1. Taking a cut-off of 18 Å between Cα atoms, list the aspartates and glutamates near A:Lys53, but don't count ones fewer than 8 places away on the same chain.
2. Of the listed peptides B:62-69, A:16-23, what is their order by residue-averaged count of other C-beta atoms within 10 Å, with the highest listed first?
3. As I understand it, the value is the acute angle between the Cα axis of helix A:132-158 and the longest principal axis of the Cα atoms of chain A; what does it come to in degrees, rounded to 10?
4. What percent does the relative contact order of chain A come to when contacts are Cα pairs within less than 8 Å and at least six residues apart?
5. Would you mind computing the Rg to Rh ratio of the protein assembly as shown from its alpha-carbon coordinates, Kirkwood style for Rh?
6. Given the pairs A:Lys135/B:Lys61; A:Lys98/A:Lys135; A:Lys98/B:Lys56, which span a C-alpha to C-alpha distance of over 27 angstrom in this model?
7. Could you give the longest part of chain A that holds none of the trypsin sites (Lys or Arg not before Pro) found in DSSP loops with at most 15 neighbouring Cβ atoms within 10 Å?
8. Whole-Hz Karplus ³J(HN,Hα) for the range A:43-53, in order, using 6.51 cos²θ - 1.76 cosθ + 1.60 and θ = phi - 60°, x for Gly and Pro?
Amino acid sequence: MNCLTSLQENPIGSWVLSSDYGYYICLVGHAVGMAVVVGAVMMLCIRVLGFSKDQPLLQFEPLFAIAWAGFLLNAATGLALFMANGPNLAKNPPFLIKIGFILFGGLSLWALWRRLITERAVVIDANGPASVQAKTLAAATMAFWIVAIMAGRLIAYTIDY
Amino acid sequence: MTSAQILAFFYDSPFGIASRQIKGVFSICETVHFVGLCLLIGAILVFDLRMLGVLKRGSLKSALNYTHIAAFGLALNAASGLVLFSNKPSNYVANPAFQLKMLFLLLALLNVVWFETVERRKVMALAEGESTELGTKMAAGLSLLLWFGVIILGRWLPVTALGGG
């Protein structure tokens, strides 16, 4: 855990820990980033599941640039928060579950997008219904992100400082 | 009804009692509040950016379907928010960030009323390929600003809360 402790002494970790607002500014960025990335992902998933069928899937392509920006904001603030409390977070079960489900959510989203490209002729070009596989991936992606949010919220109740 | 009575009404309501006495109710409502705000923000990104012309594909009408998802997310947040508020109403109303959040929420809801009563009809009347009018774009831009403001202020609540958040 020595390297995690030393993270607290780097400028970002110590800013989050000892400035008046550093910690809260990171929390705000983390929430805004989450809203953008999870929100955009959910809209894609809901569309794949059959909502608003005349909405072209390609509409989500520019939205993905915005989702990436949200993800980067979320990851950067998350990293800063981690630096401030690495030793405790690394042994906090909800935190580990959260990170795991973010990975699952990302992988499943990637698999969903690949699936949609495979089904391109139907779902993208003709705005037709997605396959059961694509719908399953969409539902799983949403579920993974919701579990990640849930676990993230539980960190506040279980973490030591 | 005095303001103290109104606060006591929320505090003594089943929501307030449950949030204080049943372990997990408060944190579950926090999670629901977060999921609801993701749905709301995701949905407004689709239709507000479509109204603004940042997103260009598909009909304006199909983008407006997403207002239903925004309404659903908002309903989740109103319900979970009511429980969170009833936990300690007097702390929330005394919190400047909460007061400002409620102001932003009110303005955002007024903007929704404006959009639904005036702008939606104009959007529906547009022919395919036509872009939205300035008023519609203003409502869409305000919607993004105000709802993001609500979230930022909401996450700022612990900073200005009495006795911590």
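Coordinate-derived values only; no laboratory data. This one's a predicted model, so the numbers in the text were calculated from it and none came from an experiment. With ideal geometry, Cβ positions are generated from the backbone for all residues, glycine too; neighbour counts draw on all protein chains shown.
1. A:Glu61, A:Glu119, A:Asp125, B:Glu128
2. Answer by packing, highest mean first, reads B:62-69, A:16-23.
3. 20 degrees
4. Reported as a whole number, the value is 30 percent.
5. Reported Rg/Rh (Cα atoms, Kirkwood Rh): 0.99.
6. A:Lys98/B:Lys56
7. A:92-161
8. Coupling constants for the range A:43-53: 5, 4, 4, 5, 5, 5, 6, x, 6, 6, 4 Hz.
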